[in-house]
2 protein chains.
Amino acid sequence: MAFQQKKTGNRSRWRRKNSRARKDNLRFIPLGGLGEIGKNMFALEYDRDIIVVDAGLMFPEDEMLGIDFVIPDTSYLEKNRDRVRAFVITHGHEDHIGALPFVLPKIDVPVYGTALTIGLIEHKLEEAVPSYRRDLREIHAGELIEIGVFKIKPFAVCHSIPDGVGLAIDTPLGVVLHTGDIKLDTTPVDGRLTDFSAISEASRKGVILMLSDSTNVEKEGFTPSESIIGKTLENLFRANRTKRIVLSAFASNLHRIQQIINTASKFNRKITFLGRSMVGNVEIASRLGYLQLDEKMVVPATDIDRLPPNKLVILTTGSQGEPFSGLVLMSRGQHRNISLGSSDVVAVFATPVPGNEKMVSNTINHLFKCGCEVIYEKDRDIHVSGHASREELKILINMVKPEYFVPVHGEYRHLVRHAQLAQEVGIPGKNIFLLEKGEVLSITSKMARVLPKVDSGGVLVDGMVLGELEGSAMRERRSLSEDGAMVVSLVIDGSGRLVSPPVFESRGFIHMEDAHTLREELADAVQRLVNEEKKRKGGIREDSLKMRLMGRMGEVLRKYGRSRPIIIILINWIEK
Amino acid sequence: MAFQQKKTGNRSRWRRKNSRARKDNLRFIPLGGLGEIGKNMFALEYDRDIIVVDAGLMFPEDEMLGIDFVIPDTSYLEKNRDRVRAFVITHGHEDHIGALPFVLPKIDVPVYGTALTIGLIEHKLEEAVPSYRRDLREIHAGELIEIGVFKIKPFAVCHSIPDGVGLAIDTPLGVVLHTGDIKLDTTPVDGRLTDFSAISEASRKGVILMLSDSTNVEKEGFTPSESIIGKTLENLFRANRTKRIVLSAFASNLHRIQQIINTASKFNRKITFLGRSMVGNVEIASRLGYLQLDEKMVVPATDIDRLPPNKLVILTTGSQGEPFSGLVLMSRGQHRNISLGSSDVVAVFATPVPGNEKMVSNTINHLFKCGCEVIYEKDRDIHVSGHASREELKILINMVKPEYFVPVHGEYRHLVRHAQLAQEVGIPGKNIFLLEKGEVLSITSKMARVLPKVDSGGVLVDGMVLGELEGSAMRERRSLSEDGAMVVSLVIDGSGRLVSPPVFESRGFIHMEDAHTLREELADAVQRLVNEEKKRKGGIREDSLKMRLMGRMGEVLRKYGRSRPIIIILINWIEK
C-alpha cells in the first residue's frame, strides 16, 4: 500500500512536543469515527479558532459489559476550551449528536444544525440535561455562516434521515470539503437531491482537504434509491389485503416512515405508531414539516382492537431486535396492546447493524412461532443503505479533485479500502492519509503531515456515570460473567486464630451435585492455611494470607471442574 | 400457513400419558437441531428398536456466559437405554459428533460412520474420554447395514467435509430418507457426487418420511460448487508471486485444504499448517487417504523464516476470529513464529458463522493495521456454503416424493420457509410437520400425528462439568457481568452486636472518584440497620437481616449511579 499509513510512513521522525497552533497551519483532528463506526467527531483548527464537527455516541462492543454507550474523549477540546467556537452538526443520527448532552455542559458553545437536526438535538438535551442553557442555531443548506476564520457552506446531501448536510469549509488554505453521511440518491423521497453544484463550486475554488464517508466502500456499484422501498410496500399491501400489517423500521428514517404513511393512506388503512423514539420522532418531524401526516390517520395503541385487521398498519421500533422494543415484545407475546397470530403479516424494513445479527435473528424466529408471515432481510428490497457505494464514492472524488484525501466514518478496513479506491481514481498515495482517531493532520500551503496523537479514545457511559475505557472494572466484569464468583469471609482474632467457621457464598456457578462436599473441603483448606500462617515468623499478614488463600482455594475448585471463579476474600479482624 | 404447526393444528386433543412404543408405529424424535443451528440428534424408533442419528454440540448463545458449548438432553434415551441399538453418524462436523464424549459413557452402544467420520470420532474420544471402551464401526456409502428392525443404506452426499452420507432407512412402514447435510455439487473436488441413484431407489420403494437440510432455504438458486475456490486461489497466487501468502479456512473443510495444497504445489510453494485442529485434521485425513499431500511440501512453523516469502504458504485456523487461533494471534502481533507486514497477503477463505461477525471484523481490522493486504468475505468467490440452496432443495423433494415431510437442521424461520417451499413443490400442507425438538412424530400406516414432548432442551458444558440450561447460575453471571458485585462481611455476636466494622469488597464497578465516601456511607447504613434489628422482638434473624441489608445498601448505591450491582452479604456469627 502506497498511501500514508503509520507502519509504512516515516513520520515517526516528525515529533513536536509543543502542540499549540500557529499561523498558516490548518489542523484536522479526528476525535472519533475513524477506526470505528460511531461517535463521529472531529476538530478543525486554524490559528486561534477551533470548530468541532459532530458529537456522536457509539454503541458498546460485546465485551463492554453493562455499558450503555461510549462517547469521544474530549479532553483536547477541554484543554483548548477558550479557542473552541462552535459545534457544527451534519445530521440528527445518534452517532453524530448522541454525545452532546455530555459534552456541551463542559464545552459550552453554540451548536449549529439544520432545522430537523436542531429539533432532534433540542429534544435530546431537554430530556437529558434540562437545566443546561442551550444555544442552538439553525442553518440552511446553501447559506454561508462565518465562525471565526471559517466560512462554512452547508450543502444538501441525501442520507437515511432528512435534512442532512455536507460542509464546504472555506479556510485561508483552501476549502475543506466534508461529505458528511452521503449517498447520491437520484430519486430521493423528499425530492432533495445531493447538491452537486455546491460540490463543484468548492472544487473550482480549490479543495485542500476532502473528508469522505467510508461506510459502504466494500459495496460494489451504486446504493439503490430509498424510493424502491415504496414499491416493496405497495406489493406488500396489495398481497395482504385481508391481513393486519405490522412494520418495523428505524425511528430516524423519516423518508421510510413517510413512504409507509403514503402507502397506508393509499390502501385506506389507519396507522398506529409504537415505541418512544418512533412516536417522538414522528411528532418532531410532523411539527417541523418533515413528515406529511394527516392526524386523522393516527390510531392510539389502546384503540387497535376497535379496527378490523385490514384497516390498520402498525409501525413499531425494534428492527434491531432491541430488548423491550415494540417488535420484540410482540414477538414474545408480551405486548400490552397487541397479540400476533395468523392474521398478521410482519415486515422488518431494515437489515441488522453489525453486532445485532443474533438479536434480530431470534426476533424473526419468535415472530414465526406466533404463526404470522414474516418478511425480513433475506427477502428482496426490504432495506437500502443511506451511504454511498464504491461507484458513488469515485464520482465524489472525481468531482471534488482534492489536494489531500482522508477517508472518515469507518472501521480500519473501510478506511484502507477507501484509500485504495482514492488511488484508483487518481489521488497520489502520498496525498492520502490513513488516520486514526487522535492523530493530527497538519496542513500548510506547502505540505501535509501527521503529528503525534492528542488524547482520544473513548469514555464509557453507564447510566449517567462516566468511566474510563479499558479499566480493570471491565476485566472484572468479564471474569465474573465467565466464571462466577466464590466469596469467603473469615473472622480472625489478635492471636491469629480463626474465631468461627469460614462463611461461603457463591454466584454464577454451574449447579453441582457435590456443592456440599466442595464447601467442606474449602473450609478445611482455609482452616489449615490460617493455622500455617499463624505459625509464621511475624504472624499473619493480610496481603500474604489472601494471596495464599486464593491459591489454595483455587486448587480445590479446580478439582471440581475446569472453571475458575473469581475468589473474593473478606477478613474481619477482631480483638479478643 | 397451512402446514402442521403448533398454534394452528388441533393436536392438543391428542394426549397419551403412556409413551411406550407399540407395533406398527414409527416414531421420529428430534432431540436437537430443530429450532436451532447445532447439536443435531434424532431418534428413530419402531417396536423395541431405537437408533440415534448424530450427536452434535452447539456453540453457546451470547447470553450463556462462560459456557463452552451445549449438548442435547438425552434423558429420553437414558430412560430407554435398553432399546437403543446404535448411533449412526452422517459426517464428522462438531454439530454432528461433538456430544459423543458426553453421551456415549451414558448410552454405551456402537457408533457407525464412514471411515473419515470414524477417524475424527476416534480422535475426539481419545482426547476427551481415553478410558472409555469405544465400539466404532466403519460403514460404506452404498452398503446396507442392519440394526434391529432397521435396514440402513448410507448414500454419498456432497458437503463441506469429505465422506458425508445421507441415510435411506428401510422400516416396516416404508423408507425414512434423511438428506444429512447436503448440497448438489456437480463438480465436487474429490469427484464424489451426491448419489442421485440411491435417492431415486428409495423413492421407488416409497419414502414414508423425508428429513431435509434447511440451513440455506433462505438462499435463492443453487449453491456454487466448492471448485470455484480453486480458481480464486489460482488468481490469488498469480497476483501475489512476490509475497508470502497466509490463508485461513475451516480445519474440517478438507476439500478446501486439498485445493490450497494443490495450488501451492503448482506455484512451487511449501506449506505450513498452524493450529491444533488444522494440524490434527490434516494428519488424520492424510493417513486415511482423504488428503493427497506430499510430506516434502510441509514446513514446520519453527522453520518459516528459513524460506523466502514467495516460497511459502501458511494455512491457519482462525477464520472465525476465534481468540488464541493462529490468525488472531498474528493479527495482534502476538504469534510466536510469524510477524505480518507489507510483504504478506492474508486471505480468509470463510464467511462468519452467525454470531461471529464482530470477532471476524475485528480480526480483519487488525490485519490491515499490520500493513498487509487482506482478502475477505466482502471480496468475490472467497467462500461457498456446504448446504443446498432453494432450487437444490426443490430438486431433492421432487426426486424423493415423500409421503410426509419434516424440515430439519435449522432455526425456526428456516423450518417455516422450508415447509413453505415443500408446499410450493406439491407436498400437501397437512403432510408437512413443523416440529420442535422433543416433539414426537408418530407415524402409522394410516396417519401421522405429533405427540407431546419428551425431555429435550440443552445441557450446558463448562469445561467437563455438565449443568442445567436456564438455571439461576446463568442469570447470576448475567447480573454480575452487567453490574458487578458489592460484597460485605459482618461479624455479629450472640447479643446481636456488630463486633467489628463491616468489611467491603467490590468487583466490576466503574471506577468512581467518590468510592471512599460510598463505603463510609454503606458502613454507616449497615451499622444502623443492625442496631435496629437487634431491638426487634425475637432478635436478629439472618434471613430478614440480609433482605433488609440488601434494600438499604441498594438505596445507598443508587445514589452513586444507576447501576445495580449484585449485593452479597456474609454474616459470621461468633459467641462472646
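The values are calculated or read from the model by the stated rules, or taken from the named source; none is laboratory data. Everything numeric here is computed off the predicted structure, so don't read it as measured data. Using ideal geometry, Cβ is built from the backbone for each residue, glycine included, and neighbour counts are taken over all protein chains shown. For accessibility, only protein heavy atoms count, side chains too; no ligands or nucleic acids. Shrake-Rupley method; radii C 1.70, N 1.55, O 1.52, S 1.80 Å.
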Taking the label point 7 Å from Cα along the Cα-Cβ vector, the copy-to-copy distances for B:ASN268, listed from shortest in nm with one decimal, are 7.9
Is the range B:25-178 rounded, prolate or oblate when judged by the Cα gyration tensor, a ≥ b ≥ c being the square roots of its eigenvalues, rounded requiring a/c under 1.5 and prolate requiring a/b larger than b/c?
rounded
Return the long-range amide H neighbours of B:THR171 (sequence gap of 5 or more, or a different chain), with a cut-off of under 5 Å between placed amide H atoms.
B:VAL176
Rg in Å to one decimal, and Dmax rounded to a whole Å, for the range A:173-299 via C-alpha atoms:
18.5, 63
Largest-first ordering by accessible area, 1.4 Å probe, given options B:ASP303, A:ASP108, A:ASP190, A:ASP213
A:ASP108, A:ASP190, B:ASP303, A:ASP213
For A:THR114, A:THR444, write out the residues from largest to smallest accessible area, computed with a 1.4 angstrom probe and no ligands counted.
A:THR444, A:THR114
Residue-normalised accessible area of the range A:228-378, expressed per residue, 1.4 Å probe, Å²:
42
What dipole magnitude, in Debye to the nearest 20, does the protein assembly as shown give about its Cα centre under +1 on Lys/Arg Cβ and -1 on Asp/Glu Cβ?
480
Check cross-link reach from A:LYS266 to the lysines: straight Cα distance under 29 Å, and skip same-chain residues fewer than eight apart.
A:LYS183, A:LYS231, A:LYS243, A:LYS296, A:LYS311, A:LYS378
When each copy gets a label point 7 Å from Cα toward the beta-carbon at B:GLY551, what are the spacings between them in nm, shortest first?
4.5
Given the -39500 (n - 2.57) contribution per DSSP H run of 4+ residues, what per-residue ellipticity at 222 nm results for chain B, rounded to the nearest 500 deg cm²/dmol?
-9000 deg cm²/dmol
Filter the GluC sites (Glu not before Pro) in the range B:123-196 down to the DSSP loop ones having no more than 14 other Cβ atoms within 10 Å, then list what survives.
B:GLU143
Per the Kirkwood formula over distinct C-alpha pairs, the hydrodynamic radius of the range A:472-574 in angstrom is 14.3
Given B:VAL487, B:ASN268, B:GLY56, which one lies farthest toward the positive end of the charge dipole of chain B, if we put +1 on the Cβ of every Lys and Arg and -1 on the Cβ of every Asp and Glu?
B:VAL487
For the range B:345-439, give the magnitude of the charge dipole about the Cα centre (Cβ charges: +1 Lys/Arg, -1 Asp/Glu; no others), in debye to the nearest 20.
140
Tell me, what % of the accessible area of the range A:231-361 is carbon and sulfur with a 1.4 angstrom probe?
51
Rounded, prolate or oblate: which one fits chain B, using the alpha carbon gyration tensor with axes a ≥ b ≥ c (rounded when a/c is under 1.5, else prolate when a/b beats b/c, else oblate)?
oblate
Roughly how much accessible area, to the nearest 100 Å², goes out of reach of solvent when A and B pair up, both sides summed, probe 1.4 Å?
6700
For the protein assembly as shown, what class follows from the C-alpha gyration tensor (a ≥ b ≥ c being the square roots of its eigenvalues): rounded when a/c is under 1.5, otherwise prolate if a/b is larger than b/c, else oblate?
rounded
Using a 7 Å offset from Cα along the direction of the beta-carbon, what are the separations from B:LEU144 to the same position in each other copy, nm, ascending?
9.2
Nearest-10 value in Å² for the accessible area of A:GLU520, using the 1.4 Å probe:
110
Derived scalar couplings ³J(HN,Hα) [the range B:310-317; Karplus, 6.51 cos²θ - 1.76 cosθ + 1.60; whole Hz; x for Gly, Pro]
7, 10, 9, 10, 10, 10, 10, 6
Accessible-area ranking of A:LYS153, B:LYS219, largest first, probe 1.4 Å:
B:LYS219, A:LYS153
As I understand it, the dipole of the protein assembly as shown uses +1 on the Cβ of Lys and Arg and -1 on the Cβ of Asp and Glu, about the Cα centre. Which of B:LEU144, B:ILE89, A:VAL70 lies farthest toward its positive end?
A:VAL70
With all protein chains in place and a 1.4 Å probe, B:MET547 shows an accessible area in Å² (nearest 10) of 140
Equivalent ellipsoid semi-axes, the range B:228-378, via Cα gyration tensor eigenvalues times 5, rooted, Å
21, 18, 15
What figure, in Å² to the nearest 10, do you get for the accessible area of A:GLU220 with a 1.4 Å probe and non-protein molecules left out?
120
